[in-house]
Amino acid sequence: GAPVNCPVLGMSAIPWDFALTDAQRDGALGVALAAGSKILTVNAPWSELEPSNGVYYFDRIASELSLAAKHNIPAILTVGSIFSGAPAMPADLVGRSWSDPVVASRFVAMLQNLKSKVPAQTKWLNLGYEVDIYLANNPSQVAPYLTFLSAVKPSAKSIFGISTGIVFSFDSTRASTAVFGQLQG
């Protein structure tokens, strides 16, 4: 068809490594920016951000998100309730249903505590990463996860005032759109 403008290019250019210094993170982003990236993506599983009830660890993602402000680029933050095809609940919640109100309230509490660490350059918030892989392999979890999303998404939008969504894996979505269709409600 007719030529169209290229969409905004984003890369996960910063290796997910707690040992990296801020300078190393900045250097990795510099390489991505030089290659044409125009957006920063930062990802973390919920279990990293809240390793135990009410104990929060936001240092790594706060450091990475601060680079968006430094380089004056927008950022996407993914806080994975499901992360890379597996549930990412804190250890004390493992085994609870996604539809359990305690799970949703804990996720919302974590987001409320996270808010002060998220710079204005953050324009999008994803509540799960590659959720379709897990849900396609665990179809009985689609309805409970939809209940979870329905409970947390309005709060997330209210807390951050930005667009919210979930991330699907590219290859899995091309293979089957069944989970995508189910999560649309």
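The values are calculated or read from the model by the stated rules, or taken from the named source; none is laboratory data. The structure displayed is predicted, hence computed values, not measured ones. Positions of Cβ are generated from backbone atoms using ideal geometry, with glycine treated the same way; all protein chains shown enter the neighbour counts. When the accessible area is computed, the model is the full protein with side chains, heavy atoms only, and any ligands, DNA or RNA have been set aside. Shrake-Rupley method; radii C 1.70, N 1.55, O 1.52, S 1.80 Å.
Other residues within the sphere of radius under 13 Å centred on the Cβ of Phe148, judged by their own Cβ, net out at +2 (K and R +1, D and E -1).
Once the Cβ-Cβ distance of Ile162 and Ala69 is raised to the sixth power relative to R0 = 22 Å, the FRET efficiency obtained is 0.90.
Taking amide H as placed 1.01 Å from N in the peptide plane, the amide H of Asn43 sits under 5 Å from that of Thr78, each at least 5 places away or on another chain. Give, as ranges by residue number, the residues of segment 45-79 whose backbone N falls under 17 Å from the point 7 Å along Cα→Cβ of Ala91. The answer is 45-57, whose backbone nitrogens lie closer than 17 Å to the label point.
Towards the positive end of the charge dipole of segment 81-174, with charges on Cβ (+1 Lys, Arg; -1 Asp, Glu), say which of Ile166, Gly95, Val118 has the farthest Cα. Of Ile166, Gly95, Val118, it is Val118.
May I ask you to give the percent of accessible area on segment 38-99 that is carbon plus sulfur, with a probe radius of 1.4 Å? So the carbon and sulfur contribution to the accessible surface is 53 percent.
Most simply put, segment 42-151 has about 25% antiparallel DSSP beta bridges, counting only bridges with both residues inside it.
Once you order the gyration tensor axes a ≥ b ≥ c over the Cα atoms, which shape class does segment 99-148 get: rounded for a/c under 1.5, otherwise prolate or oblate by comparing a/b with b/c?
oblate
Classification of segment 26-185 by its C-alpha gyration tensor yields an oblate form. The axis ratio a/c (a ≥ b ≥ c) is 1.5 or more, and b/c is at least a/b. Taking every protein chain into account, the accessible area of segment 13-82 amounts to 41 square angstrom per residue (probe 1.4 Å).
With protein chains left intact and a 1.4 Å probe, residues in segment 84-135 average 42 Å² of accessible area per residue. Centroid-to-centroid, using Cα positions, segment 41-70 and segment 79-95 are 15 Å apart.
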